[in-house]
Amino acid sequence: MANSETIKQKELFGHPVGLYVLFFTEMWERFSYYGMRALLTLYLVEVTTSDNPGLGWSSGEALALYGWYTMLVYVMSIPGGWIADKFLGQKKSVLYGGILLVAGHSVLAIEQMWAFYSGLALIIAGVGMLKPNISTMVGGLYKQGDIRRDKGFTIFYIGINVGAFLSSLIVGYVGEVHGWHYGFGLAGIGMTLGLIQYVLGQKHLKYVGNFLGSSENQEEKEAMKRPLTKIEKERVVVLFISFLLVVVFWGAFEQAGGLMNIYAKENTNRMLLGWEVPATWFQSLNAMFIIFLGTSVALYWANRKLKGKVASSLFKMIIGLIIMGTGFFFMTAAAAQYESTGASAMYWLVLAYLFHTVGELCISPVALSYITKLAPVKYASLMMGVYFAMTGFGNKVAGLLGEASESLGEYAIFTGIAVFCLVFGALVMVFRKKLETLTHGAEDNEREMKYDETEGFELAEN
């Protein structure tokens, strides 16, 4: 919960400086995570006799581990959020999560199986502590009703994808060409930089992420003690229903790190001007598109809202799912081309990632902001943890679908995903207005900001 002092913090480009501290912390955390993710399945399936030997697993075994790993990474956000709400506060939880991540990525650089599994376990625990709490802190930088909140989350989300973009190119290249464990170690160096930056930027996070149990603010103390009101309970119900969209979205979207990653390596003609494009580089397309399109998509929704058209968070999320699902029809075309010619063109992957990115920009940063608007203050980090747990279940679904491709084939899986996303999105759209009434106007009190030379941005009077 942001108090009256929060809005008076030093600002940069119209937002609290603390936003940029969290921006760079998350950027380096995602650099380490997505760098390791780009390598994981490829390392698992690489034969043990190659110049850069892997573990020699089958695609099914690799995708099964990938599904479990990516699910647990996000499911651990529930205990991570609970620990923050009950004992540590978000700020300390992010610090401890960063330390665990540095340890995990460093251990992965050791070429031993015990180090491989231990490193994955430490990363799972670290992401669980850091991920829900740093996102909740972003929301805490803004007062209730501050229209800059959605824009702040978009800026924060661009930071996530700057890290993802760089890691897929740099870590992916180092791991695939020079050695898998060098790539894992490089991911650890990135997380170390993020942790150092976070510690040095604490002066800009003075009023956010503190443990509410020791707060001196009377309103915050009372909010921690009293039971949930009827309105708060109904808002929580809406959040849980919106999380179904999240599970479906990530169950489809996370084919990027699994099935689509292997498809790019094994079934795609990657020759460009006589040079073979590394398969891991396709992982950078999503992040690159987000960097270039993030502000444009946010501006589109802002303009739509100003014109009085539907632009609620739930509407954006439904549209995001439908757009992302449509992108899988390009993968259907790729699979059809592969079946007829023995190789598919790279442009199918590029088009699929473009649609997936636009869909992601409509659902993911919007969902993060939506949670900070609707979640009761005493359960702020826990609800953010539940959100990330839902993305984890989506990742597990992605792994199961990837495994099913071995028997059903890529064509059937890609087409099935596309159709299901479109049908499910349309179904939720039918009930959208009813669900929005249960939020009790949580998004109706957003007001424009005015700029004051001495105080910075403040809420404009109506």
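The values are calculated or read from the model by the stated rules, or taken from the named source; none is laboratory data. Note that this is a predicted model, so its numbers are computed, not measured. We place every Cβ from the backbone using ideal geometry, glycine too, and count neighbours over all the protein chains shown. Side chains are part of the model used for accessible areas, which takes the heavy atoms of the whole protein and leaves out ligands, DNA and RNA. Shrake-Rupley method; radii C 1.70, N 1.55, O 1.52, S 1.80 Å.
Residue ranges 157-164, 421-428 sort as 157-164, 421-428 when ordered by packing (mean number of other C-beta atoms within 10 Å per residue, highest first).
Can you tell me which of 42-50, 412-420 comes out highest on packing, and rank the rest after it, using the mean Cβ neighbours within 10 Å?
Working: 42-50: 16.3, 412-420: 19.6.
So the peptides 42-50, 412-420, ranked by packing, come out 412-420, 42-50.
Can you work out the PRE-style zone for Y182? Point 7 Å along Cα to Cβ, and I want the residues of the stretch 50-68 with backbone N under 19 Å. In the stretch 50-68, the label zone of Y182 (backbone N under 19 Å from the point 7 Å along Cα→Cβ) covers 50-55.
Gyration tensor over the Cα atoms of the stretch 1-131: the corresponding equivalent ellipsoid has semi-axes (square roots of 5 times the eigenvalues, largest first) of 35, 16, 12 Å.
Please tell me which of these pairs span more than 18 angstrom C-alpha to C-alpha: K86/K373; K151/K434; K92/K206; K143/K378; K91/K131? Kindly include the intermediate steps, with their values, before the conclusion.
Working: K86/K373 20 Å; K151/K434 26 Å; K92/K206 12 Å; K143/K378 16 Å; K91/K131 11 Å.
Where the Cα-Cα span goes over 18 Å, the pairs concerned are K86/K373; K151/K434.
Mean Kyte-Doolittle of at least -1.0 and a Cα length of 20 Å or more along the axis: which whole DSSP H helices of the chain meet both? For the chain, where a helix must reach 20 Å along its axis and average at least -1.0, the hits are 17-45, 59-75, 90-108, 113-140, 148-173, 180-200, 230-253, 283-306, 313-341, 346-374, 380-408, 410-430.
What length, rounded to one decimal in nm, is gained on full extension from S296 through to I241, with 0.36 nm per residue of separation minus their alpha-carbon distance? Intermediate values should be presented prior to the final figure.
Numbers: separation 55, 0.36 × 55 = 19.80 nm, distance 2.79 nm.
Result: 17.0 nm gained on full extension.
Treating each Cα of the stretch 147-293 as one equal point scatterer and applying the Debye formula with no solvent, the log10 of I(q)/I(0) at q = 0.10, 0.12 Å⁻¹ comes out as -0.61, -0.81. For q values of 0.07 Å⁻¹, compute log₁₀ I(q)/I(0) with the Debye formula on a Cα-only model of the chain, without solvent. Normalising to I(0) and taking log10 leaves -0.34. The packing ranking of peptides 300-309, 401-410, 370-379, highest mean first, is 370-379, 401-410, 300-309, where packing means the average number of other beta carbon atoms within 10 angstrom of each residue.
Computed over the chain, the per-residue total of -39500 (n - 2.57) for DSSP H runs of n ≥ 4 gives a 222 nm mean residue ellipticity of -24500 deg cm²/dmol, rounded to 500.
If I model the stretch 289-385 as equal point scatterers sitting on the Cα atoms and use the Debye formula, what is log10 I(q)/I(0) at q = 0.21 Å⁻¹? Treating every Cα as an identical point scatterer, log10 I(q)/I(0) equals -1.02. Here the simple spin-label model places points 7 Å from the Cα toward Cβ, and for W114 and L55 these points are separated by 1.7 nm. Accessible surface for the chain, divided over its residues, is 41 Å² per residue with a 1.4 Å probe. Here the stretch 374-417 is scanned for amide nitrogen atoms under 18 Å from the site 7 Å beyond the Cα of A336 along Cα-to-Cβ, giving 409-417. In the stretch 30-88, the portion of solvent-accessible area held by carbon and sulfur atoms comes to 65 percent [1.4 Å probe, whole percent, DNA, RNA and ligands not counted].
Looking at the stretch 218-334 from every direction and averaging, what is the projected area of its Cα convex hull in nm²?
Numbers: hull surface 47.4 nm².
Value for the stretch 218-334: 11.8 nm².
Using only C-alpha atoms and all pairs of different ones, pull out the Kirkwood radius for the stretch 30-85 in Å with one decimal. Don't skip to the end; give the middle numbers.
Values: mean 1/r = 0.0786 Å⁻¹.
Over the stretch 30-85, the inverse of the mean reciprocal pair distance is 12.7 Å.
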